[in-house]
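Read through the structure below, which is laid out as structure tokens, and then see the notes.
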Amino acid sequence: MKYLGIDFGSKRIGIAVSNAEGSIAFPRSTLLNDDKLFAGLGKLIESEKIERIVVGDTRSHGGGENPVTAQAEKFMERLAQETGKPVAPAFEVFSSIEASRYAPYTPGARQHDDSAAAAVILQRFLDMHGSR
């Protein structure tokens with residue numbers, strides 16, 4: 001089963017895709033969170049033959065909401081509605097920090113790519129749930 005992993009952000013959406021067996025996550029791209037987002041995701045889902053979508057749960061380590069939680073939950077609902085694919089939340093706490101550990105250091109640059117954070121989120125999900 002092939003999965004799409006998403007690191008949701010109010011400005012950018014990190015994208016990762018699993019292998020066909022649903023065992024390894026690969027960073028893919030970063031999309032702007034704008035009015036073209038769902039069209040772009042739809043094309044990606046179709047071309048990659050995605051069967052299930054995993055979106056990072058934006059809640060804090062203690063389970064509390066943050067300023068983007070409501071927006072992320074609405075995004076997940078719309079994504080499920082528009083794609084007809086199952087959408088599952090996945091633990092994302094510290095995913096950006098973990099992704100930055102593997103990013104090359106470039107002075108003045110962002111310390112990680114949102115697609116790398118999406119791959120961390122997706123890989124955690126795959127490791128916990130296996131390829132179901």
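If you go through region 36-49 and keep only what is assigned to a loop (DSSP other than H, G, I, E, B) and touching a residue at least 24 places away in the same chain (Cβ under 8 Å), you end up with just Lys49.
Can you pull out every residue in region 78-132 that is part of a loop (DSSP other than H, G, I, E, B), touching a Lys or Arg at 6+ places or on another chain (Cβ under 9 Å) and modelled with pLDDT of 90 or more? Across region 78-132, the qualifying residues are Lys85, Pro86. Could you tell me whether any residue of region 8-18 is exposed (fewer than 13 other Cβ atoms within 10 Å of the Cβ), of a type in the set (Ser, Thr, Tyr) and more than 20 Å from Gln123 (Cβ to Cβ)? Yes, region 8-18 contains at least one residue that is exposed (fewer than 13 other Cβ atoms within 10 Å of the Cβ), of a type in the set (Ser, Thr, Tyr) and more than 20 Å from Gln123 (Cβ to Cβ).
Just the residues that are under 28 Å from Asp127 (Cβ atoms) and surrounded by fewer than 16 Cβ atoms within 10 Å (Cβ to Cβ), please, taken from region 27-36.
Pass one, region 27-36, residues under 28 Å from Asp127 (Cβ atoms): 27-31, 33.
Within region 27-36, Ser29, Asn33 meet the criteria.
In region 19-35, the residues that are assigned to a loop (DSSP other than H, G, I, E, B) form no Cβ pair under 7 Å with any partner that is surrounded by 15 or more Cβ atoms within 10 Å (Cβ to Cβ) and of a type in the set (Asp, Glu), whether six or more places apart or across chains.
The values are calculated or read from the model by the stated rules, or taken from the named source; none is laboratory data. Values in this document were obtained by computation on a predicted structure and should not be read as measured data. All Cβ positions, glycine included, derive from the backbone under ideal geometry; neighbour counts span all protein chains shown.
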